[in-house]
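Read the structure below first, then the notes.
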Amino acid sequence: MSKLFQPTRLGALALQNAIVMAPLTRSRSDAQGVPLPHVVDYYAQRSSAGMIIAEGTQPSFAGQGYARTPGIHSPEQIAAWRKVTDAVHKGGASMVLQIMHTGRIAHPLNRQVPDAPVAPSAVTPAGQMWTDQQQMQSYPQPRAVTTAELPALREEFVQAAKNAREAGFDGVELHAANGYLLNQFLASNANLRTDGYGTDLAGRIRFVVETVKAVADAIGADRTGIRVSPGHMFNDLVDANPVETHVALLDAIPTADMAYVHVMKADAFAPQLNNAGDPTATLATMRAHTRGRMIAAGGYTQETGEAALASGELQAVVFGRPFIANPDLVARFKNGIALAQPNADLFYTPGPQGYSDYPAAG
Ligand SMILES: Cc1cc2nc3c(=O)[nH]c(=O)nc-3n(C[C@H](O)[C@H](O)[C@H](O)COP(=O)(O)O)c2cc1C
């Protein structure tokens, strides 16, 4: 009996099946971070999923790094997201919002505020990012957030979570993966703080633990998830011991009460691993330190997803790229219909093309 198609629960979140759409940045919002009308179409087309995790969304203008990403801090953004969540709920899916503060992974041309991006420490990441005005640009040096500023930074996540609920989301996912702000606090090469919020293990996990607890207190642990990517080499983040770091993190947050822990497997995009060893073994270690529900993404197929549910390792399976070109992914799995391939050139371009114009199977 297939478990993929069975209803399931992740804390307070009720899923019509165990197939989850991954958070996918698609850069279809306006310059003020307001999702455009085709964002409603795109998510509604995918609402046969059990749950949709909306794309990385900034909690403030200061938290924005990329061009045309959405926010959840203005009345206009909240109103636009409300149209999305209403449409998705009509299709039967639950929907949570991924709160993404990009920290040092940001370029001034992509931002609406003049100040330098903040990060745990003033460590400039190697690499470049896209800007609409001047194409690829190197990252500027970030400013280290002061100790006195940390409560307000934490509060940004809390307010974003409350705003997400007001916009009709069933919960939120804190983005502590893939090299963005919360992940920067965790990693030994990005967090050199000496104020009790960095350097050693207890210090590096501290801001993330405090943020998870503050958000859980505000909207309920059972509506709060966290995404981690131990060992994922991305955005110039290298931790000396990512498994040790993430074990300590999971042991310190209320995973039994939280909606879920979401692991992105380290080899999802990049073959390089950062001191984490075999990603399958890492996933098992994360499972052992997750006292509640775990979901995971990274190259899953219908078969491997089904196996992960059958073994009890996962309570739902997360699919990213397959959802881009297959809005009816659930029906395609159910009926054995071949999957369409997405056009990667249109992942982050403006407009409906390559976004909300992928057809369902006839
Ligand atoms: C176009 C694109 C955008 C993405 N944006 C995000 C994002 O906003 N937040 C995030 O945590 N992961 C993001 N990811 C990673 C996916 O959520 C997912 O973990 C990854 O694609 C691996 O799953 P898959 O093999 O099923 O695609 C993105 C991936 C792609 C391809």
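Using bins of 10 Å that start at zero, the share of Cα-Cα pairs per bin across the chain amounts to 6, 26, 37, 25, 5, 0, in whole %. Working value for the range 8-165: equivalent-ellipsoid semi-axes of 29, 18, 14 Å, each the square root of 5 times a Cα gyration tensor eigenvalue, largest first. Bridgeable aspartates and glutamates around residue 334 (alpha carbons under 14 Å apart, same-chain partners fewer than 8 residues away excluded): 303, 306.
Taking the DSSP beta bridges in the range 8-346 as the whole, what percent of them are antiparallel, to the nearest 5? If I count the DSSP bridges inside the range 8-346, around 20 percent turn out antiparallel. Placing one equal scatterer on every Cα of the range 119-265 and applying the Debye formula, the log10 ratio I(q)/I(0) at q = 0.13 Å⁻¹ is -0.59.
Dipole magnitude for the chain: about 440 debye, using +1 per Lys or Arg Cβ and -1 per Asp or Glu Cβ, origin at the Cα centre.
Residue exposure proxy: 210, 55, ordered by other Cβ atoms within 10 angstrom of their Cβ from fewest to most, comes out as 210, 55. Taking the number of Cβ atoms within 10 Å of each Cβ as an exposure proxy, the fewest-first ranking of 181, 13, 109 is 109, 13, 181.
Throughout, read-outs are computed from the coordinates displayed, never taken from laboratory work. Predicted, not measured: the structure shown is a model, and the values here were computed from it. Please note: Cβ atoms are built from the backbone with ideal geometry, for glycine as well, and neighbour counts cover all protein chains shown.
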